[in-house]
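Have a look at the structure below before the remarks.
The values are calculated or read from the model by the stated rules, or taken from the named source; none is laboratory data. In this text the structure is predicted, and so the values were computed from the model without any measurement. With ideal geometry, Cβ positions are generated from the backbone for all residues, glycine too; neighbour counts draw on all protein chains shown. For the accessible areas, the whole protein counts, side chains as well, though only heavy atoms, and no ligand, DNA or RNA atoms are used. Shrake-Rupley method; radii C 1.70, N 1.55, O 1.52, S 1.80 Å.
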Amino acid sequence: MTIRNAEVLVTSPGRNFVTLRITTEDGVVGLGDATVNGRELATVAYLREHVVPLLIGKDEHNIEDMWQFLYRGAYWRRGPITMAAIAAVDIALWDIKAKIANLPLYQLLGGASRIGALAYGHASGSDNESLFTSIRNHVDEGFKAIRVQTGVPGLGQIYGVATDQRPGERYDYEPAKRLPLPAEENWDTRAYLRHIPSVFAAVREEFGPELILLHDGHHRMTPNQAASLGKSLEPYDLFWLEDCTPGENQEGLRRVRSQTTTPLAIGEVFNSIHDYQTLITEQLIDYVRSAVTHTGGITALRKLMDFAAIYQIKSGFHGPTDISPVGQAAQLHLGMAIHNFGIQEYMKHSPETLEVFKTSYTFTDGLLHPGNNPGLGVDYNEELAKSYDYTPAYLPVNRLLDGTVHDW
Ligand code: KDG
Ligand code: MG
């Protein structure tokens, strides 16, 4: 019952991923995800230099003890790099435990609380016509819930808007560009606020009241602006408005909450339960956006969701393509088991990525299911992975029209 080996694997099948592979003396292999988009080599170094030496010879079964050892033992707590490194260890150990039990991981977390996890896809368009095509593509694929992002007249490339899709094409949006310097985008919040309600009005007019719609504000508004947007979107019955304002200012959400009944989701850049303390205890949000990868793994995210459950707050785990298939599988198992599951973000990985990471999760009639293979249900094709060299990539930087750096 000891860990024999732990390796940090980096691959780039279209985009970068950092994977931790732990092997026990008995030859059981567990995988964990430590990908932090645009800062990948920081988690590689943290794991290789500071964590892997601590794992060798330890009992793979003592997951809680290992979590506390890595969190409290480092003295320097929290932060995306530390918490992604801890997450990778935690996910890999849960994978191993479930494989030894010969059960899919969700069975160890309490069993299935539902037949599948309601998933939302990303649709976007530079104008309404191309947005409608993208929404139709997602509906045709079976999505019952769709995030809607749109271009804003007068602005160029902005967050969440992919190259316009043609009918039947795969939606493909990778904001981290493989460039020596970050791309720079322009932003004008007033133009955005003027435009967005008309887009949701047009989408409801075209697609009717049933389709579940979501929107991501991507941290760009002040609490007052966010309150105004939330109010103006109320007639269009959003499932949520995400990251309407930067979440570090937890008190700022009081202003938003008091002004609008549009449901709010926050937390993809958080990495600890403590980042949510005010938001949860004062019921200032409706959905927790953390990813298992960036929040210290299954052990930590399950505690966070139990805390949220007391306040009727549900999950909406972050699932863009920068969460690897390993991280996505881990949060699907958790989402199957917890009572307060809400929705799962599902941005499909590229075919190249899914050849490196063989997954057992399925998507049918709008629902994701983690599959019933023992463990997470993900295999890593090392030979193929080695053929995709790490390539530096940066997320964009956002500037207001006068050149001031703004939240991206
Ligand atoms: O790496 C940044 C992305 O994960 C983020 O921009 C995606 O906001 C995002 C979302 O809601 O998926
Ligand atoms: Mg987001």
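Given the criteria within 11 Å of the chain's Cα centre (by Cα), free of Cβ contacts under 8 Å to residues at least 60 places away in the same chain and within 13 Å of ligand 1 (Cβ to nearest atom), does Ser324 qualify?
no
Do we have any residue at all in the stretch 248-259 that's over 13 Å from the mean Cα position of the chain (by Cα), surrounded by fewer than 24 Cβ atoms within 10 Å (Cβ to Cβ), within 16 Å of ligand 1 (Cβ to nearest atom) and farther than 30 Å from Asn62 by Cα?
Scanning the stretch 248-259, I find at least one residue that is over 13 Å from the mean Cα position of the chain (by Cα), surrounded by fewer than 24 Cβ atoms within 10 Å (Cβ to Cβ), within 16 Å of ligand 1 (Cβ to nearest atom) and farther than 30 Å from Asn62 by Cα, so the answer is yes.
Mind checking which residues of the stretch 19-38 are closer than 18 Å to Leu181 by Cα and surrounded by 18 or more Cβ atoms within 10 Å (Cβ to Cβ)?
Scanning the stretch 19-38 gives Val36, Asn37.
Which members of the stretch 190-239 meet the condition of being free of Cβ contacts under 8 Å to residues at least 24 places away in the same chain and outside any loop (DSSP other than H, G, I, E, B)?
Arg190, Arg194, Ser198, Glu205
Considering only residues that are among the small types (Gly, Ala, Ser) and in contact with a Ser or Thr (Cβ under 6 Å, 6 or more places away or on another chain), look in the stretch 83-123 and name the one that is surrounded by the fewest Cβ atoms within 10 Å (Cβ to Cβ).
By that ranking, first place goes to Ala123.
Is there any pair with a first residue in the stretch 146-161 that is under 27 Å from Gly366 (Cβ atoms) and a second that is among the acidic types (Asp, Glu) and open to solvent by 10 Å² or more (accessible area, probe 1.4 Å) whose Cβ atoms are under 7 Å apart and which are 6 or more apart or on different chains, and what are they?
Close Cβ pairs (under 7 Å, with a partner that is among the acidic types (Asp, Glu) and open to solvent by 10 Å² or more (accessible area, probe 1.4 Å)) amount to Gly151/Asp127.
Sort out which residues of the stretch 349-359 are surrounded by 18 or more Cβ atoms within 10 Å (Cβ to Cβ) and closer than 14 Å to Asp172 by Cβ, and write them in order of number.
Residues satisfying the conditions are His349, Thr353.
Exactly one of these conditions fails for Cys244: (1) more than 16 Å from ligand 2 (Cβ to nearest atom); (2) more than 23 Å from Thr299 (Cα to Cα). Give me its number.
In the conditions (1) more than 16 Å from ligand 2 (Cβ to nearest atom); (2) more than 23 Å from Thr299 (Cα to Cα), Cys244 misses (1) alone.
Just checking, does the stretch 319-332 include any residue being open to solvent by 10 Å² or more (accessible area, probe 1.4 Å) and within 16 Å of ligand 2 (Cβ to nearest atom)?
yes
Scan the stretch 261-299 residue by residue and report those that are closer than 28 Å to Ser232 by Cα, surrounded by 20 or more Cβ atoms within 10 Å (Cβ to Cβ), in contact with a helix residue (DSSP H, G or I) (Cβ under 8 Å, 6 or more places away or on another chain) and of a type outside the set (Gly, Ala, Ser).
Those that are closer than 28 Å to Ser232 by Cα, surrounded by 20 or more Cβ atoms within 10 Å (Cβ to Cβ), in contact with a helix residue (DSSP H, G or I) (Cβ under 8 Å, 6 or more places away or on another chain) and of a type outside the set (Gly, Ala, Ser): Thr262, Leu264, Ile266, Glu268, Phe270, Tyr276, Leu279, Ile280, Leu284, Ile285, Val288.
Residues checked against (1) buried (at least 20 other Cβ atoms within 10 Å of the Cβ); (2) of a type in the set (S, T, N, Q); (3) closer than 23 Å to Gly377 by Cβ; (4) within 21 Å of the chain's Cα centre (by Cα):
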position	(1), (2), (3), (4)
Thr2	no, yes, no, no
Pro13	yes, no, yes, yes
Phe17	yes, no, yes, yes
Glu40	yes, no, no, yes
Arg48	no, no, no, no
Val52	no, no, no, no
His61	no, no, yes, no
Asp65	no, no, no, no
Tyr75	no, no, no, no
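Yes or no: the stretch 364-381 includes at least one residue that is more than 16 Å from ligand 1 (Cβ to nearest atom), in contact with an Asp or Glu (Cβ under 9 Å, 6 or more places away or on another chain) and of a type in the set (D, E, K, R).
No, every residue in the stretch 364-381 fails to be more than 16 Å from ligand 1 (Cβ to nearest atom), in contact with an Asp or Glu (Cβ under 9 Å, 6 or more places away or on another chain) and of a type in the set (D, E, K, R).
Among the residues of the stretch 360-384, which ones are surrounded by 20 or more Cβ atoms within 10 Å (Cβ to Cβ) and among the hydrophobic types (A, V, I, L, M, F, W, C)?
Leu368, Leu376, Val378
Sort out which residues of the stretch 36-57 are within 16 Å of ligand 2 (Cβ to nearest atom) and out of contact with any strand residue (DSSP E or B) (no Cβ under 7 Å at 6 or more places or on another chain), and write them in order of number.
Val36, Asn37
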